[in-house]
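The values are calculated or read from the model by the stated rules, or taken from the named source; none is laboratory data. Since the structure is predicted, the reported quantities are computational estimates derived from the model, not experimental observations. A quick note on method: Cβ atoms are made from the backbone with ideal geometry, for glycine too, and the neighbour counts reach across all protein chains shown. SASA here: full protein model, heavy atoms, side chains in, ligands and nucleic acids out. Shrake-Rupley method; radii C 1.70, N 1.55, O 1.52, S 1.80 Å.
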Amino acid sequence: MNYTRKEFIALSAGGFFGMNMVTRPRRSIPVSRARSGGAIDVKVRELKLVNTWTIARNSSDVKYNVFVRYEKDGVIGIGEAAPNVRYDETPESTVETIESARDLLEKADPWQFVDLGYAIQEITEGQTAAKCAMDMAVMDWITRSLGVPFYTFLGLNRNKAARTSFSIGIDTPEVIQKKIRDAEPYSVLKIKLGRDDDEEIMRAVREVTDKTVRVDINEGWKDKQEALEKIEWLKTLNVEFVEQPMPSVMLEETRWLRERSPLPIVADEAVKKASDIPALAHAFDGINIKLMKSGGLQEALRMIWMARSLGLKIMLGCMIESSVAISAGAHISPLVDWADLDGNLLISNDPFSGATVRNSTLVLPERPGLGIQGTF
Ligand code: MG
(Lines give C-alpha, C1' and ligand atoms only; values in the text may rest on other atoms or scores of the structure.)
Protein backbone atom coordinates (compact mmCIF):
# COMPACT_ATOMS: atom_id res chain seq x y z
CA MET A 1 0.00 0.00 0.00
CA ASN A 2 1.92 3.04 -1.13
CA TYR A 3 -0.51 5.92 -1.22
CA THR A 4 0.38 9.52 -0.66
CA ARG A 5 -1.37 11.48 2.02
CA LYS A 6 -3.13 13.51 -0.68
CA GLU A 7 -4.54 10.42 -2.34
CA PHE A 8 -5.93 9.28 0.95
CA ILE A 9 -7.58 12.57 1.66
CA ALA A 10 -9.21 12.25 -1.75
CA LEU A 11 -10.14 8.69 -0.89
CA SER A 12 -11.71 9.78 2.38
CA ALA A 13 -13.78 12.37 0.60
CA GLY A 14 -15.21 9.67 -1.64
CA GLY A 15 -13.60 11.11 -4.73
CA PHE A 16 -11.21 8.19 -5.29
CA PHE A 17 -13.63 5.95 -7.15
CA GLY A 18 -16.05 8.31 -8.79
CA MET A 19 -19.67 8.09 -7.82
CA ASN A 20 -20.60 6.15 -10.96
CA MET A 21 -18.52 3.21 -9.68
CA VAL A 22 -20.42 2.99 -6.42
CA THR A 23 -22.78 0.03 -6.48
CA ARG A 24 -26.01 0.30 -4.58
CA PRO A 25 -26.75 -2.40 -2.00
CA ARG A 26 -29.26 -5.16 -2.49
CA ARG A 27 -31.38 -4.30 0.49
CA SER A 28 -33.07 -7.13 2.28
CA ILE A 29 -35.09 -5.05 4.71
CA PRO A 30 -37.79 -2.57 3.83
CA VAL A 31 -36.85 1.03 4.47
CA SER A 32 -39.05 4.06 4.39
CA ARG A 33 -38.64 6.58 1.60
CA ALA A 34 -37.94 9.38 4.03
CA ARG A 35 -34.65 9.36 5.88
CA SER A 36 -35.08 7.71 9.25
CA GLY A 37 -31.47 6.62 9.72
CA GLY A 38 -28.40 8.71 10.41
CA ALA A 39 -25.89 10.60 8.32
CA ILE A 40 -22.54 8.92 7.81
CA ASP A 41 -19.08 10.27 7.29
CA VAL A 42 -16.05 8.18 6.26
CA LYS A 43 -12.40 8.94 6.91
CA VAL A 44 -9.15 7.06 6.20
CA ARG A 45 -6.39 7.58 8.76
CA GLU A 46 -2.75 6.59 8.74
CA LEU A 47 -1.74 4.63 11.84
CA LYS A 48 2.01 4.51 12.46
CA LEU A 49 3.45 1.34 13.99
CA VAL A 50 5.83 1.64 16.92
CA ASN A 51 7.97 -1.12 15.38
CA THR A 52 7.90 -2.62 11.90
CA TRP A 53 5.24 -5.34 12.21
CA THR A 54 6.24 -8.67 10.69
CA ILE A 55 4.27 -11.92 10.70
CA ALA A 56 4.71 -15.11 8.62
CA ARG A 57 2.80 -13.47 5.75
CA ASN A 58 4.05 -9.90 5.44
CA SER A 59 5.63 -6.81 6.98
CA SER A 60 4.45 -3.21 7.46
CA ASP A 61 5.37 0.17 9.01
CA VAL A 62 2.01 1.94 8.66
CA LYS A 63 -1.61 0.87 8.36
CA TYR A 64 -4.50 2.75 6.79
CA ASN A 65 -7.69 2.16 8.74
CA VAL A 66 -11.10 3.48 7.79
CA PHE A 67 -13.36 5.22 10.31
CA VAL A 68 -17.13 5.69 10.13
CA ARG A 69 -19.08 8.37 11.96
CA TYR A 70 -22.83 7.80 12.25
CA GLU A 71 -24.92 10.76 13.46
CA LYS A 72 -28.62 10.94 14.20
CA ASP A 73 -30.65 13.03 16.64
CA GLY A 74 -27.50 14.78 17.87
CA VAL A 75 -25.85 11.52 18.97
CA ILE A 76 -22.69 10.22 17.31
CA GLY A 77 -21.48 6.62 16.95
CA ILE A 78 -17.98 5.73 15.77
CA GLY A 79 -16.79 2.57 14.04
CA GLU A 80 -13.47 1.37 12.62
CA ALA A 81 -12.33 -0.92 9.81
CA ALA A 82 -8.83 -2.42 9.66
CA PRO A 83 -8.66 -3.78 6.08
CA ASN A 84 -6.56 -6.94 5.77
CA VAL A 85 -4.91 -8.16 2.55
CA ARG A 86 -5.34 -11.77 3.74
CA TYR A 87 -9.07 -11.30 3.20
CA ASP A 88 -8.79 -9.32 -0.07
CA GLU A 89 -9.43 -6.02 1.67
CA THR A 90 -7.80 -2.66 1.00
CA PRO A 91 -8.63 0.83 2.27
CA GLU A 92 -10.14 1.50 -1.18
CA SER A 93 -12.38 -1.58 -1.18
CA THR A 94 -13.39 -0.76 2.38
CA VAL A 95 -14.41 2.81 1.55
CA GLU A 96 -16.21 1.57 -1.57
CA THR A 97 -18.18 -0.97 0.47
CA ILE A 98 -19.16 1.64 3.05
CA GLU A 99 -20.20 4.05 0.30
CA SER A 100 -22.34 1.30 -1.25
CA ALA A 101 -24.20 1.05 2.08
CA ARG A 102 -24.64 4.79 2.58
CA ASP A 103 -28.17 4.73 1.24
CA LEU A 104 -29.10 1.82 3.50
CA LEU A 105 -27.63 3.45 6.63
CA GLU A 106 -29.23 6.79 5.92
CA LYS A 107 -32.71 5.30 5.48
CA ALA A 108 -32.93 2.34 7.87
CA ASP A 109 -34.15 2.75 11.44
CA PRO A 110 -31.08 2.08 13.66
CA TRP A 111 -33.30 0.87 16.51
CA GLN A 112 -34.01 -2.16 14.32
CA PHE A 113 -30.29 -2.84 14.50
CA VAL A 114 -30.64 -6.62 14.19
CA ASP A 115 -32.31 -6.36 10.77
CA LEU A 116 -29.97 -3.52 9.84
CA GLY A 117 -26.98 -5.65 10.89
CA TYR A 118 -28.08 -8.54 8.70
CA ALA A 119 -28.68 -6.14 5.79
CA ILE A 120 -25.14 -4.78 6.21
CA GLN A 121 -23.77 -8.35 6.19
CA GLU A 122 -25.52 -8.98 2.87
CA ILE A 123 -24.19 -5.92 1.04
CA THR A 124 -21.34 -7.77 -0.61
CA GLU A 125 -19.30 -10.97 -0.32
CA GLY A 126 -16.40 -10.54 2.12
CA GLN A 127 -15.28 -6.98 2.97
CA THR A 128 -16.00 -7.73 6.62
CA ALA A 129 -13.81 -4.91 7.96
CA ALA A 130 -16.08 -2.38 6.23
CA LYS A 131 -19.17 -4.11 7.60
CA CYS A 132 -17.59 -4.12 11.05
CA ALA A 133 -17.06 -0.35 10.98
CA MET A 134 -20.74 0.23 10.14
CA ASP A 135 -22.09 -2.25 12.71
CA MET A 136 -19.78 -0.82 15.37
CA ALA A 137 -20.84 2.77 14.66
CA VAL A 138 -24.52 1.79 14.89
CA MET A 139 -24.05 -0.18 18.14
CA ASP A 140 -22.02 2.70 19.62
CA TRP A 141 -24.85 5.06 18.61
CA ILE A 142 -27.53 2.79 20.10
CA THR A 143 -25.84 2.53 23.49
CA ARG A 144 -24.80 6.20 23.57
CA SER A 145 -28.44 7.05 22.87
CA LEU A 146 -29.53 4.80 25.74
CA GLY A 147 -26.87 6.37 27.97
CA VAL A 148 -25.34 3.03 29.00
CA PRO A 149 -21.96 1.41 28.33
CA PHE A 150 -22.12 -1.36 25.71
CA TYR A 151 -21.21 -4.02 28.32
CA THR A 152 -24.20 -2.93 30.45
CA PHE A 153 -26.46 -3.17 27.41
CA LEU A 154 -25.26 -6.80 27.02
CA GLY A 155 -25.74 -7.57 30.71
CA LEU A 156 -22.02 -8.14 31.31
CA ASN A 157 -19.84 -7.53 34.36
CA ARG A 158 -16.98 -5.12 33.63
CA ASN A 159 -14.97 -6.71 36.44
CA LYS A 160 -14.82 -9.87 34.32
CA ALA A 161 -13.07 -8.17 31.38
CA ALA A 162 -10.38 -10.50 30.07
CA ARG A 163 -6.64 -10.48 30.62
CA THR A 164 -4.93 -9.59 27.35
CA SER A 165 -1.72 -10.88 25.87
CA PHE A 166 0.82 -8.61 24.22
CA SER A 167 1.99 -9.59 20.73
CA ILE A 168 5.62 -9.78 19.66
CA GLY A 169 6.07 -9.72 15.87
CA ILE A 170 8.80 -11.58 14.00
CA ASP A 171 12.17 -9.82 14.27
CA THR A 172 15.84 -10.37 15.02
CA PRO A 173 16.57 -12.07 18.38
CA GLU A 174 17.95 -8.79 19.79
CA VAL A 175 14.86 -6.78 18.86
CA ILE A 176 12.53 -9.53 20.12
CA GLN A 177 14.32 -9.50 23.46
CA LYS A 178 14.02 -5.71 23.65
CA LYS A 179 10.29 -5.90 22.82
CA ILE A 180 9.83 -8.51 25.56
CA ARG A 181 11.60 -6.27 28.09
CA ASP A 182 9.36 -3.37 26.99
CA ALA A 183 6.31 -5.62 27.48
CA GLU A 184 7.11 -6.01 31.18
CA PRO A 185 3.57 -4.98 32.34
CA TYR A 186 1.98 -7.87 30.41
CA SER A 187 1.82 -11.29 32.04
CA VAL A 188 1.10 -13.20 28.82
CA LEU A 189 2.92 -12.84 25.51
CA LYS A 190 1.85 -13.91 22.03
CA ILE A 191 4.82 -14.76 19.85
CA LYS A 192 4.58 -14.79 16.08
CA LEU A 193 6.28 -17.80 14.45
CA GLY A 194 5.86 -19.68 11.18
CA ARG A 195 8.98 -18.96 9.15
CA ASP A 196 12.27 -20.86 9.16
CA ASP A 197 13.60 -19.08 12.27
CA ASP A 198 11.15 -20.51 14.87
CA GLU A 199 13.89 -22.10 16.98
CA GLU A 200 16.03 -18.98 16.98
CA ILE A 201 13.04 -16.85 18.05
CA MET A 202 11.91 -19.19 20.85
CA ARG A 203 15.48 -19.45 22.15
CA ALA A 204 15.63 -15.64 22.28
CA VAL A 205 12.25 -15.52 24.07
CA ARG A 206 13.15 -18.07 26.73
CA GLU A 207 16.52 -16.41 27.39
CA VAL A 208 14.72 -13.34 28.74
CA THR A 209 11.35 -14.47 30.10
CA ASP A 210 9.54 -17.40 31.73
CA LYS A 211 6.10 -15.82 31.22
CA THR A 212 3.25 -17.79 29.69
CA VAL A 213 3.62 -17.69 25.94
CA ARG A 214 1.07 -18.34 23.18
CA VAL A 215 2.34 -18.82 19.64
CA ASP A 216 0.69 -17.77 16.38
CA ILE A 217 1.90 -19.49 13.22
CA ASN A 218 -0.34 -17.51 10.82
CA GLU A 219 -0.69 -20.59 8.52
CA GLY A 220 3.09 -20.79 8.23
CA TRP A 221 3.64 -24.56 8.63
CA LYS A 222 2.79 -26.57 5.51
CA ASP A 223 3.68 -30.14 6.61
CA LYS A 224 1.63 -31.90 9.31
CA GLN A 225 4.42 -34.18 10.57
CA GLU A 226 6.80 -31.26 10.87
CA ALA A 227 4.04 -29.24 12.58
CA LEU A 228 3.54 -32.03 15.15
CA GLU A 229 7.26 -32.15 15.91
CA LYS A 230 7.32 -28.38 16.38
CA ILE A 231 4.32 -28.48 18.74
CA GLU A 232 5.91 -31.27 20.81
CA TRP A 233 9.03 -29.10 21.07
CA LEU A 234 6.96 -26.00 22.00
CA LYS A 235 5.24 -28.02 24.75
CA THR A 236 8.63 -28.28 26.48
CA LEU A 237 8.94 -24.47 26.41
CA ASN A 238 5.82 -23.68 28.47
CA VAL A 239 3.66 -22.65 25.53
CA GLU A 240 -0.09 -22.42 26.29
CA PHE A 241 -1.58 -22.99 22.81
CA VAL A 242 -0.83 -22.82 19.10
CA GLU A 243 -2.82 -20.56 16.80
CA GLN A 244 -3.54 -21.48 13.15
CA PRO A 245 -0.52 -23.78 12.63
CA MET A 246 -1.40 -24.73 9.05
CA PRO A 247 -3.14 -23.02 6.12
CA SER A 248 -6.91 -22.72 6.59
CA VAL A 249 -7.52 -24.91 3.53
CA MET A 250 -5.59 -27.79 5.19
CA LEU A 251 -8.47 -28.68 7.49
CA GLU A 252 -7.99 -32.45 7.36
CA GLU A 253 -4.27 -32.12 8.10
CA THR A 254 -5.16 -29.85 11.04
CA ARG A 255 -7.65 -32.44 12.34
CA TRP A 256 -4.85 -35.07 12.12
CA LEU A 257 -2.55 -32.69 13.98
CA ARG A 258 -5.08 -31.88 16.69
CA GLU A 259 -5.64 -35.60 17.46
CA ARG A 260 -1.94 -35.92 18.27
CA SER A 261 -1.07 -32.45 19.58
CA PRO A 262 -0.09 -32.05 23.24
CA LEU A 263 -1.18 -28.39 23.04
CA PRO A 264 -4.61 -26.89 22.18
CA ILE A 265 -4.95 -25.66 18.61
CA VAL A 266 -6.88 -22.45 17.93
CA ALA A 267 -8.37 -21.43 14.57
CA ASP A 268 -7.86 -17.89 13.29
CA GLU A 269 -7.60 -17.56 9.51
CA ALA A 270 -9.89 -20.63 9.19
CA VAL A 271 -12.86 -18.91 10.85
CA LYS A 272 -14.62 -15.64 10.10
CA LYS A 273 -18.33 -15.99 10.88
CA ALA A 274 -20.69 -18.13 12.97
CA SER A 275 -21.67 -20.44 10.12
CA ASP A 276 -17.98 -21.39 9.61
CA ILE A 277 -17.73 -22.84 13.11
CA PRO A 278 -19.53 -26.24 13.02
CA ALA A 279 -17.25 -27.55 10.24
CA LEU A 280 -14.15 -26.60 12.25
CA ALA A 281 -15.16 -28.06 15.59
CA HIS A 282 -13.47 -31.42 14.87
CA ALA A 283 -10.17 -29.85 13.89
CA PHE A 284 -9.63 -27.16 16.54
CA ASP A 285 -9.93 -26.75 20.32
CA GLY A 286 -10.84 -23.09 20.10
CA ILE A 287 -11.47 -20.19 17.75
CA ASN A 288 -10.07 -16.69 17.52
CA ILE A 289 -12.92 -14.24 16.96
CA LYS A 290 -12.01 -10.86 15.51
CA LEU A 291 -14.50 -8.09 14.86
CA MET A 292 -12.80 -7.36 11.55
CA LYS A 293 -13.39 -10.93 10.35
CA SER A 294 -16.91 -11.33 11.73
CA GLY A 295 -18.18 -8.08 10.25
CA GLY A 296 -18.96 -6.51 13.60
CA LEU A 297 -20.14 -6.89 17.17
CA GLN A 298 -23.47 -8.54 16.40
CA GLU A 299 -21.92 -11.40 14.40
CA ALA A 300 -19.11 -11.75 16.97
CA LEU A 301 -21.76 -12.35 19.65
CA ARG A 302 -23.44 -14.99 17.48
CA MET A 303 -20.02 -16.63 17.09
CA ILE A 304 -19.52 -16.67 20.85
CA TRP A 305 -22.83 -18.47 21.45
CA MET A 306 -22.15 -20.90 18.60
CA ALA A 307 -18.63 -21.74 19.81
CA ARG A 308 -19.82 -22.21 23.39
CA SER A 309 -22.57 -24.59 22.25
CA LEU A 310 -19.93 -26.71 20.49
CA GLY A 311 -17.62 -26.77 23.53
CA LEU A 312 -14.92 -24.67 21.88
CA LYS A 313 -12.65 -22.29 23.73
CA ILE A 314 -12.88 -18.67 22.64
CA MET A 315 -10.15 -16.19 22.01
CA LEU A 316 -10.86 -12.58 21.11
CA GLY A 317 -8.23 -11.14 18.81
CA CYS A 318 -7.66 -8.02 16.76
CA MET A 319 -5.81 -6.53 13.81
CA ILE A 320 -3.68 -3.40 14.03
CA GLU A 321 -6.49 -1.15 15.29
CA SER A 322 -6.96 2.11 17.15
CA SER A 323 -8.72 2.40 20.50
CA VAL A 324 -12.08 2.47 18.69
CA ALA A 325 -12.11 -1.18 17.60
CA ILE A 326 -10.04 -2.36 20.57
CA SER A 327 -12.58 -0.83 22.97
CA ALA A 328 -15.43 -2.50 21.08
CA GLY A 329 -13.70 -5.85 21.50
CA ALA A 330 -12.95 -5.15 25.16
CA HIS A 331 -16.67 -4.69 25.89
CA ILE A 332 -17.42 -8.31 24.91
CA SER A 333 -14.26 -9.72 26.51
CA PRO A 334 -16.07 -10.83 29.71
CA LEU A 335 -17.54 -13.59 27.49
CA VAL A 336 -14.25 -15.13 26.30
CA ASP A 337 -11.44 -17.34 27.63
CA TRP A 338 -8.47 -15.51 26.14
CA ALA A 339 -8.04 -11.97 24.83
CA ASP A 340 -5.39 -10.61 22.52
CA LEU A 341 -6.54 -7.02 22.24
CA ASP A 342 -3.30 -5.13 21.91
CA GLY A 343 -3.55 -3.60 18.41
CA ASN A 344 -3.76 -0.05 19.75
CA LEU A 345 -0.62 -0.59 21.82
CA LEU A 346 1.35 -1.33 18.65
CA ILE A 347 0.66 2.10 17.09
CA SER A 348 2.24 5.42 18.06
CA ASN A 349 -0.48 7.87 16.93
CA ASP A 350 -3.77 6.45 18.22
CA PRO A 351 -6.35 9.19 17.45
CA PHE A 352 -8.73 7.88 20.13
CA SER A 353 -8.79 6.59 23.68
CA GLY A 354 -11.11 4.10 25.34
CA ALA A 355 -10.39 0.76 26.98
CA THR A 356 -7.05 0.59 28.77
CA VAL A 357 -4.95 -2.18 30.31
CA ARG A 358 -4.08 -2.45 34.01
CA ASN A 359 -2.04 -5.36 35.35
CA SER A 360 -2.48 -7.13 32.02
CA THR A 361 -6.28 -6.93 32.32
CA LEU A 362 -8.58 -4.87 30.10
CA VAL A 363 -10.29 -1.95 31.83
CA LEU A 364 -13.63 -1.02 30.26
CA PRO A 365 -14.60 2.65 30.06
CA GLU A 366 -17.73 3.43 32.07
CA ARG A 367 -18.92 6.11 29.66
CA PRO A 368 -22.02 5.45 27.49
CA GLY A 369 -21.61 3.50 24.25
CA LEU A 370 -18.18 2.08 23.52
CA GLY A 371 -16.74 4.81 25.73
CA ILE A 372 -14.47 6.19 23.05
CA GLN A 373 -13.01 9.69 23.25
CA GLY A 374 -11.22 11.62 20.52
CA THR A 375 -11.89 13.71 17.44
CA PHE A 376 -13.23 11.91 14.37
MG1 MG B 1 -3.67 -15.05 14.43
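Things to note:
- Odd one out for Arg358 among (1) within 16 Å of Ala162 (Cβ to Cβ); (2) under 15 Å from the mean Cα position of the chain (by Cα); (3) more than 16 Å from the ligand (Cβ to nearest atom): (2)
- Members of the stretch 238-252 found to be within 15 Å of the ligand (Cβ to nearest atom), buried (at least 20 other Cβ atoms within 10 Å of the Cβ) and in a loop (DSSP other than H, G, I, E, B), listed by number: Gln244, Pro245, Met246
- Positions within the stretch 319-335 being more than 17 Å from Phe153 (Cα to Cα) and open to solvent by less than 20 Å² (accessible area, probe 1.4 Å), in sequence order: Ile320, Glu321, Ser322, Ser323, Val324, Ala325, Ile326
- When we screen Glu80, Glu106 for residues that are part of a strand (DSSP E or B) and open to solvent by less than 60 Å² (accessible area, probe 1.4 Å), the only hit is Glu80.
- Number of positions in the stretch 297-325 that are more than 15 Å from the ligand (Cβ to nearest atom) and under 9 Å from the mean Cα position of the chain (by Cα): 1
- Pairs where the first residue, in the stretch 280-297, is outside the structural domain of Gly117 (by TED's automatic domain parsing) and the second is surrounded by 24 or more Cβ atoms within 10 Å (Cβ to Cβ) and hydroxyl-bearing (Ser, Thr, Tyr), C-beta under 6 Å, 6+ apart: Ala283/Thr254; Lys293/Thr128; Gly295/Thr128
- Residue selected from the stretch 262-305 under the condition outside any strand (DSSP E or B) and of a type in the set (Lys, Arg), by the criterion most open to solvent (accessible area, probe 1.4 Å): Lys273
- Every condition in (1) open to solvent by 10 Å² or more (accessible area, probe 1.4 Å); (2) within 16 Å of the ligand (Cβ to nearest atom); (3) modelled with pLDDT under 95; (4) out of contact with any strand residue (DSSP E or B) (no Cβ under 7 Å at 6 or more places or on another chain) holds for Leu346 except the one numbered (4).
- Residue check, Thr128 outside the structural domain of Thr356 (by TED's automatic domain parsing), closer than 30 Å to Val215 by Cα and at pLDDT 95 or above: yes
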